[in-house]
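Novice: Below are the structure tokens for one structure; questions will follow.
The values are calculated or read from the model by the stated rules, or taken from the named source; none is laboratory data. As the structure is a prediction and not an experimental result, all values here were calculated from the model. Here the Cβ positions follow ideal geometry from the backbone for every residue, glycine too, while neighbour counts run over all protein chains shown.
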Amino acid sequence: MFPPPADVATGRPGGPGRPPVRTVVLAALCIASLGLAGWAAMQWRRPGNDAGYMPVQPITFSHRLHTAELEIECAYCHSFADTDRYAGMPTGDTCMNCHRFVNAPSQAVRDEVWAAAREGRDVRRVVSDAMRKLYLSQGLDTALEPIEGIDPVPIEWMRATRFPDFAYFDHRAHSRVGVECATCHGPVQTFERTRQALDLSMGFCVACHRESNLTGIDGVPVEASVDCVSCHR
Amino acid sequence: MSSDTLSRRALLSRRTFLQAAGFTLAMSALGCSRPEPSLRAVRPRQSPLAAPGARVQYATTCGGCSAGCGVLASVRDGRPVKLEGLPGHPVSGGALCAAGQASILGLYDAERLSRPRIHGAPVSWSTLDARLQADIAAAGGAVRVLTGTDAAASPTTRSQIDRFLGGFADGRHDVFDVLSCSAIADAHEATHGVRAVPRLRFDLADVVVGFEADFLGTWISPVEFSAQYARARPALHVQFESVVTLTGCRADRRIVTPPDGLGEAMAALYRSLAERAGLDRGPSRASSGTGRTGEDIPGMAARLWRARGRALVVCGSADPALQRLANGINELLSSYGATLDLTRPSRQRLGNDKALETLIEELAEGRVGTLVVSGVNPAYSFGSAWRDALMRVPVLVAASERLDETSSLAGYVCPVPHPLESWGDYEPVAGTLCLRQPLAAPAGQTRTLEESLAAWMNRPADAVELVRRRWRDDVYDPASDGPSFDDFWDRSLREGRIDRAGQPAPGGVFNPAAVDGTPPATARTAGTLMLVGYPSLSMLDGRQGYNPWLLELPDPVTRTTWDSCASLSPATARALGLGDGDVVRIESDRRGGDAIEVPVVVQPGQDDSVVAVPLGYGQMTSARFANLGPAWIGRAWPDENGGLVGANVAPLVAAGHGPSGPVAARLAAVGRRRPLARAQAPERLQPMDGAEAWGSASAGVVVRIAGADLGSADILPGVARRGAAGLTLWDDHPYPGPRWGMVIDLEACTGCGACVVACQAENNTPVVGRDEMGRERGMHWLRVDRHFLGGDDDPAIAFQPVTCHHCGRAPCETVCPVLATTHSSDGLNQQVYSRCVGTRYCMNNCPLKVRRFNWFDYAREGESFGPALNPEVTVRSRGVAEKCTFCVQRIQEARLVARQEGRPLQDGEVIPACAQTCPASAITFGDLKDPQSQVSRRRSSPRTYSLFEDMGLLPAVHYQALVDPGAAGEDEGHGA
């Protein structure tokens, strides 16, 4: 009913013609950058999204070395994953099963052998810093002799993968039906320092539960409950 | 952009919308997503016992009262989190009472004594031992040890005390029970020559007559008696009582009798029976036949006489004359050897009031040089009568868990560990030996009484060594227990107890001369009020007066919390012009008692001549609760009683040597009001038009009584199931798997409240305090409603546990705007705390009022019991609604275990905390879809109904109607 206002700069009448290319590009850029910023922020940190959390541990422990290189099974250390709710952290004496004999990286031992040969002396016992801490936690000195007056104490590992307090996760239910550790913990065999690989959000859990109900796990049908109380109680 | 895409965009799903809305919140929360680093300490050595977080159960013995129930304690990561009855235990039978359930909280009480003290100054044990030994020698005089039954019924402790006292020229061990049964033992000494409290078998009795004995609530061994009573309900149960007790409420006939009318009724009964037995023992054969209550005593005698050998008469009076009458009646009825066992007597109340009388005389005369007090609190129970005497004892030693009225007077305070931290043994019934083992490392420097005594005898030993030695020497029998004592010990520990048939003690021979058929003289002058201190269900003997779970547990009858109230009958209250909440001052002429000021509660069904105040309140250890609960602007409760919870009535009714009968009381209004913190309004139910609140035939009833046609299909003819068949807007749920459900048998339920505390312990339900309880903001997920039927003078009283009904068509689910409460595939009405925004629509729409709202962050603002929390259940924060979950954590655990073992879930494998602990087995839980399950079978009973059937809720909780005692024939049992 009313004529569209005239364009001030060009004096051309407005109207249902094609908008100027510049405006379209600008608008598209604005929308795209807003969207990008939003997407980036969502990917970066949502509340409770701890993906990438990588705490400093009291002892520099490498999952890559132990699992990829030395091919130790996850369950050797996290021995309750098949039978209990928590997979469990290995106690110091589990470490000592091997580290009673392994005191340092092989390169350090080789270096010491060479150095001793060069200097014409006896080869000294090499104990790495990490092992020193482990032995101390067991109340042992570097020669693995008990230290007077020092009791074994727990190693205070920092929990890297954490589930919120209002959700309950049970390892045995998942390991029993063949869910791989890596499904939730990521490629741990590549981690020098342990981190939470995935966001472990509710969407992550529910998507997998829904999919497994349809396809099963390794072809075996499963009952993955999607009731709220399965996790929230 | 085509209109097609637009319209699809417009149909944003709810989830997408919330995600988008959540995005803005996410921006503001950037960078603070991880609150604190989390340490994961691991044991230095692998423990062979358990995986982290896994539940391990150990058998031990409950320390909640002196009944000695066996318990299974669930331990997680080295801390006990829940107690349950030990299945198959001769006393507990797999159940546990409210006090037992709550006793675990004492373990986490920060106010427990942690170091020995001399005159208030913390010292080391070696200092205390050395100085005490020197002081005992210097003080000279007699040495006395005063304990409760707990120490006396423990073979190890008793022998240790005897050895300790053997080292002195004049040593004696006295035993005192707050809820004394000394009169029973004294009477048996007179009538049978055996000083013992017989073991009672209510399950073998067809006719039970009770005189003031609250055996289903507080008397001797209530868990055991409730189980027996529920298992084989007597065909007739008559209860004479003045105060309303749980036992009276369950009786077929409850006869309101003034305390001084008890003797008359018993004597009349005795004479009637003696006549039938052909004995002529009464002074006058022309006795009226009816007692003061107008009851047909000869008729009752006839009924008892017909049930000879299957009858039981129990008396809770503290008067030995009445107890002798009860013995005489039982002897006439041939109950000894049938329903009463004197050959294997109960050892759950070993107190001797006569010895106590001697002790207080000795104390007053200054003949006692050293007094060791353990497990009892005479300065509380007898007030100033003992306080002054105790203060004059040169060496007063208190072995105590907390600083109480007595231990604060003691020069030497020896902290003892909680029963869940200590080694020990217990013999609740002669021949049944129970073990107690520590389930947690002791907090602080504590020592059990037997360890302390060993140290003072210069033979220090650990409690475990003492118990083991005792068991090796006196209990272990290589002939029957196998060659290895260690195996025997391990087996006994695992099972929690052993039964030693052994040689039964002589049952005694009845001495007819000891029973006199004349009614004992009545002391009361007409018109005086009698003060009765009755044991309250939660406080029992008062040893858990510090326990907030028990203080907040509503009294089953008065429904009050956080207070001791003076109950008056409606007529008496009217006559005195008093109403609920009016504060009265009560005095008696007892020496040790100070006057108390308590609010009145009007109690229908109580005798008009009685003012009743619960025992166990007003303890020093409850002072910390003066300001319990969230501090906020609307708080209104005044602090009274010096900040203590309730008032201590014990000295007003105590005779200086244990509880006496009722005493004359002076009662005066103070002119002040103290609003009661009640869990249930005192008003009666107001039924809607055309419906009865009680009755056997109307829809919409709350409590239903099955009439004479019990067993016929049309017992519920009025139930049209209108709603069930009526309209609904939603599709019904398919339930592909099980549908969990519950049936509660009102005929079995005694109203004891064990389920309420069990639920609280299992589900981390917070304690809210008096102020919040008064605002009806209690957080118990399970409540036990009390309903009156009939007039004020003698109403019938019914108890009804009410919890979330997990309705198939749940009103709460349809009104939640954020879908925080939804229906699960197995029929649970699930509440998701992390989704709830606190509109409380669900609570307003719930017809059962079972939903609770977290008005405050109770876990942080209230009394927090962090380590006592069950790690299996979320601790709710402020602003969310919560309610019963059917113990979903237990359902999931059972399901996981079954899956792990590759088998289907069995019926009875999932037991919620309430059903597990119920002494009367009134609660059945299981799959309603499985027709063979126990719950389905109970559900199909003609007695079964559900609440508000006309609403069409399709609830998962059903009730079995009460059985009308008049309708069931006189000789028929309460079956079906």
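Novice: Which one is farthest from B:PRO442 (Cα to Cα), of the residues in the range B:81-135 that are surrounded by 23 or more Cβ atoms within 10 Å (Cβ to Cβ) and hydroxyl-bearing (Ser, Thr, Tyr)?
Specialist: B:SER92
Novice: If a residue must be assigned to a loop (DSSP other than H, G, I, E, B) and under 31 Å from the mean Cα position of the chain (by Cα), how many such residues does the range B:890-939 contain?
Specialist: 14
Novice: Can you name the residue in the range A:194-204 that is away from chain B (no Cβ under 13 Å) and not small (Gly, Ala, Ser) and is also farthest from the chain's Cα centre (by Cα) among such residues?
Specialist: If we take residues in the range A:194-204 being away from chain B (no Cβ under 13 Å) and not small (Gly, Ala, Ser), then A:PHE204 is farthest from the chain's Cα centre (by Cα).
Novice: Now a separate question. Could you grab me the full set of residues in the range A:50-99 that are away from chain B (no Cβ under 14 Å), of a type in the set (Gly, Ala, Ser) and assigned to a loop (DSSP other than H, G, I, E, B)?
Specialist: Within the range A:50-99, just A:SER62 meets the criteria.
Novice: In the range B:463-475, is there at least one residue being assigned to a loop (DSSP other than H, G, I, E, B), at pLDDT 90 or above and either under 21 Å from B:ALA153 (Cα atoms) or among the β-branched types (Val, Ile, Thr) (or both)?
Specialist: no
Residues are listed down the side, and each one gets a yes or a no for (1) touching a helix residue (DSSP H, G or I) at 6+ places or on another chain (Cβ under 8 Å); (2) under 19 Å from B:ALA102 (Cβ atoms); (3) not in a strand (DSSP E or B):
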position: B:PRO428; (1), (2), (3): no, no, no
position: B:ALA440; (1), (2), (3): yes, yes, yes
position: B:GLY444; (1), (2), (3): no, no, yes
position: B:GLU451; (1), (2), (3): yes, no, yes
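Novice: Would the range B:764-779 turn up any residue that is within 14 Å of chain A (Cβ to nearest Cβ), more than 23 Å from B:ASP214 (Cβ to Cβ) and surrounded by fewer than 23 Cβ atoms within 10 Å (Cβ to Cβ)?
Specialist: Yes, the range B:764-779 contains at least one residue that is within 14 Å of chain A (Cβ to nearest Cβ), more than 23 Å from B:ASP214 (Cβ to Cβ) and surrounded by fewer than 23 Cβ atoms within 10 Å (Cβ to Cβ).
Novice: Further question on the same structure: What is the residue count in the range A:184-233 for residues that are of a type in the set (Ser, Thr, Tyr), surrounded by 14 or more Cβ atoms within 10 Å (Cβ to Cβ) and more than 20 Å from B:GLY827 (Cα to Cα)?
Specialist: Looking only at that region, the number is 3.
Novice: Follow-up question, since we're still on this one. Filter the range A:155-183 down to residues that are within 11 Å of chain B (Cβ to nearest Cβ) and in contact with a strand residue (DSSP E or B) (Cβ under 7 Å, 6 or more places away or on another chain) and give me whichever is surrounded by the most Cβ atoms within 10 Å (Cβ to Cβ).
Specialist: That would be A:TRP157.
Novice: Determine, yes or no, whether B:GLN160 is touching a residue at least 60 places away in the same chain (Cβ under 8 Å), farther than 24 Å from B:ILE360 by Cβ and surrounded by fewer than 17 Cβ atoms within 10 Å (Cβ to Cβ).
Specialist: Criteria not met by B:GLN160.
Novice: Next up: Taking B:ARG76, is it touching a Ser or Thr at 6+ places or on another chain (Cβ under 7 Å), more than 7 Å from chain A (Cβ to nearest Cβ) and at pLDDT below 90?
Specialist: No: the conditions fail for B:ARG76.
Novice: Right, another one. What number of residues within the range B:811-860 are buried (at least 17 other Cβ atoms within 10 Å of the Cβ), more than 11 Å from B:GLY879 (Cα to Cα), touching a residue at least 60 places away in the same chain (Cβ under 8 Å) and away from every other protein chain (no Cβ under 14 Å)?
Specialist: Within the range B:811-860, residues that are buried (at least 17 other Cβ atoms within 10 Å of the Cβ), more than 11 Å from B:GLY879 (Cα to Cα), touching a residue at least 60 places away in the same chain (Cβ under 8 Å) and away from every other protein chain (no Cβ under 14 Å) number 2.
Novice: Take the range B:48-72 and flag every residue that is more than 14 Å from every other protein chain (Cβ to nearest Cβ), among the hydrophobic types (A, V, I, L, M, F, W, C) and surrounded by fewer than 24 Cβ atoms within 10 Å (Cβ to Cβ).
Specialist: B:ALA59, B:LEU72
Novice: Please return the ranges of helices (runs of 4 or more DSSP H) entirely within the range B:170-265 where 1 or more residues are charged (D, E, K, R), more than 22 Å from the chain's Cα centre (by Cα) and within 21 Å of B:PRO535 (Cβ to Cβ).
Specialist: Those helices (runs of 4 or more DSSP H) span B:182-192.
Novice: Also: State the number of residues belonging to the range A:205-233 that are among the polar types (S, T, N, Q) and more than 9 Å from chain B (Cβ to nearest Cβ).
Specialist: The qualifying residues number 3.
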